[in-house]
1. So how far apart, in nm, are the two label points at ASP120 and ASN82 if each is 7 Å from Cα heading toward Cβ?
2. When Lys and Arg each count +1 and Asp and Glu each count -1, what net charge do the other residues less than 15 Å away from THR36, Cβ to Cβ, add up to?
3. Which whole-number percent gives the relative contact order of region 38-103, counting Cα pairs below 8 Å spaced six or more residues apart?
4. With unit charges on the beta carbons (Lys and Arg positive, Asp and Glu negative) and the dipole taken about the Cα centre of the chain, which residue among GLY131, VAL22, LEU46 sits farthest to the positive side?
5. For n ≥ 4 DSSP H runs only, could you compute -39500 (n - 2.57) per run for the chain, divide by its residues and tell me the 222 nm figure to the nearest 500?
Amino acid sequence: MPYRPEPERKQPDFSSLEVSLVQSRSQLQNNSLFQTLYLLIKRIILMQTAFINVINDAVGDLSVIFAARFLTSADETLRFPNSRQLIAGFGIAFDDTVAGRRTISTNITDGYWTPLTDGDVDETDIIYANGEAIAVFVPV
């Protein structure tokens, strides 16, 4: 009959192997075999605990990654719910030829520079930073 795993996902309990080994009376008949099997069962239990701790630590690290916010070149919202796709607008170009680095450039040549204002049509005020007017490029 083929092995069928239990429907619920839980860690196997090896304590029944230890009980079965003690009841087999192999300790009196073949002590070295008993010691070998006993230590094997104990070490499997230790490895199982260590493995569970490593998995729990990794899951904690993954939750931090999934909670982080990313700008991506493609729509990655299925894998990273907090990611946002960065799309180049009119006249903007992305250069991703260098690994791990994105260069943003523009190819707009037609336009003019103008001071940045507060947007009030009647009494316009120019916006300053460190005593100098901020200029913006207006593409045509």
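Bear in mind these aren't lab numbers, they're just calculated from the coordinates by the rules spelled out. If you're wondering where the values come from, they're calculated on a predicted model, not measured in any experiment. Quick reminder, even Gly has a Cβ in these numbers, built from the backbone with ideal geometry, and neighbours come from all protein chains shown.
1. Each label point lies 7 Å from its Cα, and together they span 4.0 nm.
2. +1
3. This gives 17 percent for region 38-103.
4. VAL22
5. -12000 deg cm²/dmol
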